[in-house]
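Each remark here refers to the structure printed beneath this line.
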Amino acid sequence: MGAGGYGRLALDVLIASGLEAWVIGFYDDAHAVLPGNVRGIPVLGDVGMLKSMLSVEPVYVIVAITDNNVRLRLANSIRALGAQFFTAVHPATYMSLEAVVGDGSVLAANAVVHPDAALGSHCYIGPGAVVDRDAVVGAGAWISSGVVVGPGARVGARAVLGANSTVGRRAVVGEGARVEALASVEEGRR
């Protein structure tokens, strides 16, 4: 779901992972103004058409919408219709076997998720971002490129961490909060 910038990024992760043959197409409410194909993958219609398809056959979906609130709302609406969600992990990502990553998340190239870290569903972890040990990232969070989420830190659902920002050890970023690019949330702070 979503044929814009995030959708193209998710597609790139799938292609890099050797899964291009499994991609059916894009669904996007702006399909009428989009080209018929995005990188050779067809734009099949709007979200309503995807919902109709879900009534016929099960499919795996990645909701690639940049707006965290919209992404989670759409994911929940199609989950209720039986959608299953695919987690796309770039082959250049390091993800500990002891980490937990929720369904529908996208981990870009060179992202790192250390042991005992937990990511909620439908998160985006950008290129070169690090989620350190024992950190928890809530559902639908957007972790931009170069971000460091320190050991034991907590990032709330739908939070947005700007490029190259830092969340210090045991620091807390609330639900829906925004941390600007290059900013730092110091150790033990909210």
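One table, with the values for the structure above:
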{"read-out": "Complete set of residues in the stretch 138-160 that are more than 15 Å from VAL89 (Cβ to Cβ) and either basic (Lys, Arg) or not in a loop (DSSP other than H, G, I, E, B) (or both)", "value": "TRP142, VAL148, VAL149, ARG154, VAL155, ARG158, VAL160"}
{"read-out": "Filter result for the condition that a residue is touching a Gly at 6+ places or on another chain (Cβ under 6 Å) and in the same structural domain as SER96 (by TED's automatic domain parsing), over GLY162, GLY174, GLY140, GLY152", "value": "GLY174"}
{"read-out": "The stretch 95-111: number of residues that are without any contact (Cβ under 8 Å) to a residue 60 or more places away in the chain, crowded, with 16+ Cβ neighbours inside 10 Å, touching a strand residue (DSSP E or B) at 6+ places or on another chain (Cβ under 7 Å) and not in a strand (DSSP E or B)", "value": "6"}
{"read-out": "Test: residue in the stretch 75-88 that is in a helix (DSSP H, G or I), crowded, with 18+ Cβ neighbours inside 10 Å and in contact with a helix residue (DSSP H, G or I) (Cβ under 7 Å, 6 or more places away or on another chain)", "value": "yes"}
{"read-out": "Selected residue (criterion: farthest from the chain's Cα centre (by Cα)) from residues of the stretch 177-190 that are among the basic types (Lys, Arg) and not assigned by TED's automatic domain parsing to the domain that holds VAL106", "value": "ARG189"}
{"read-out": "Extreme residue, surrounded by the most Cβ atoms within 10 Å (Cβ to Cβ), among residues of the stretch 112-140 that are aliphatic (A, V, I, L, M) and over 20 Å from ALA75 (Cα atoms)", "value": "VAL131"}
{"read-out": "ASP67 being more than 21 Å from LEU19 (Cα to Cα) and not assigned by TED's automatic domain parsing to the domain that holds VAL147", "value": "yes"}
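The values are calculated or read from the model by the stated rules, or taken from the named source; none is laboratory data. This is a predicted model, so every value here is computed, not measured. Cβ: placed from backbone, ideal geometry, glycine included. Neighbour counts: every protein chain shown.
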